[in-house]
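The values are calculated or read from the model by the stated rules, or taken from the named source; none is laboratory data. The shown structure was predicted, so the numbers you read here are calculated from the model rather than taken from an experiment. Neighbour counts run over all protein chains shown; Cβ positions are idealised from the backbone, glycine included.
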Amino acid sequence: MVRIRVRLFATLREAAVDRTTLELADDARVADAWASIATTWPDLAPHREWVRAARNGAYAAFDDGLHDGDEVAFLPPVSGGARPIGLSPGPIDVSAMERELATHEHGAVVTFVGRARATSDDGRRVVELEYEAYPEMAGGVLHEIADEVGERWPGTVVGVVHRTGVVPLGEAAVAIVTAAPHRSAAYEANRWVIEAIKERLPIWKREQFPDGSAWKRPGA
């Protein structure tokens, strides 16, 4: 076993704890430390796609190994740093996305939340919704879309998180936050992002009905 110290900062600390100690297997990695604290404090789970890690005072990858006595820190985005972009296996914290994205330079923030609904487009009753993605490709696609927003609407930034796995009815399946100096760009960019996701993101939706199920592309 290895015994490590874990520290959390800012929004992560508010969602969990300032610091804690973990005992993990000898072959544990940074990802195992995150998984352990996210199990104890489930509100941390939606942050995984944009959180950064540090080990003993230096940035670290999630697949880096751990040694007895290490201190691991998990860090939310800093100003000008990472954006909330990616896939989430758990509930999406939309308020955290807004806080982490917008700055005092953004006079307009537009948020779109696509929720799991109880009726399909053809009128059938949906009892469960599930999303399956190609994660190794999806993250890159979402970052490409976000980068294009900055090129099309200078000064505009975007955060976009799409949930995977089973999404209970009424919960967010996708959240898009656009922040811009002016409202027109924030509105236009937000609408463009959801259309780009429908066209380019490698993700599929399964609607479960009382008498069967069907896979389809989101928005189809």
message: Can you tell me which residue is modelled with the lowest pLDDT among those in region 90-113 that are in contact with a His (Cβ under 9 Å, 6 or more places away or on another chain), farther than 11 Å from VAL177 by Cα and not charged (D, E, K, R)?
response: ILE92
field: In region 65-76, the residues that are at pLDDT below 90 and either small (Gly, Ala, Ser) or surrounded by fewer than 20 Cβ atoms within 10 Å (Cβ to Cβ) (or both)
entry: LEU75
message: If the requirement is being out of contact with any strand residue (DSSP E or B) (no Cβ under 8 Å at 6 or more places or on another chain), β-branched (Val, Ile, Thr) and at pLDDT 90 or above, which of these qualifies: THR21, THR39, THR11?
response: THR39
message: Six or more apart or on different chains, Cβ atoms under 9 Å: show the pairs whose first residue is in region 59-76 and free of Cβ contacts under 8 Å to residues at least 24 places away in the same chain and in the same structural domain as SER36 (by TED's automatic domain parsing) and whose second is assigned to a strand (DSSP E or B) and surrounded by 12 or more Cβ atoms within 10 Å (Cβ to Cβ).
response: TYR59/ARG52; TYR59/ALA53; TYR59/LEU75
- prompt: When the residues of region 191-220 are filtered to those that are surrounded by fewer than 14 Cβ atoms within 10 Å (Cβ to Cβ) and acidic (Asp, Glu), which remaining residue is farthest from the chain's Cα centre (by Cα)?
  reply: ASP211
Filter pass, HIS143 being in a strand (DSSP E or B) and either under 20 Å from PRO89 (Cα atoms) or modelled with pLDDT under 90 (or both): no
- line: Okay, strands (runs of 3 or more DSSP E) sitting entirely in region 10-123 with 1 or more residues that are charged (D, E, K, R), I get 19-24, 52-55, 71-75, 108-115
- prompt: Going through region 134-159 one residue at a time, which ones are within 14 Å of ALA102 (Cβ to Cβ) and within 12 Å of the chain's Cα centre (by Cα)?
  reply: GLY159
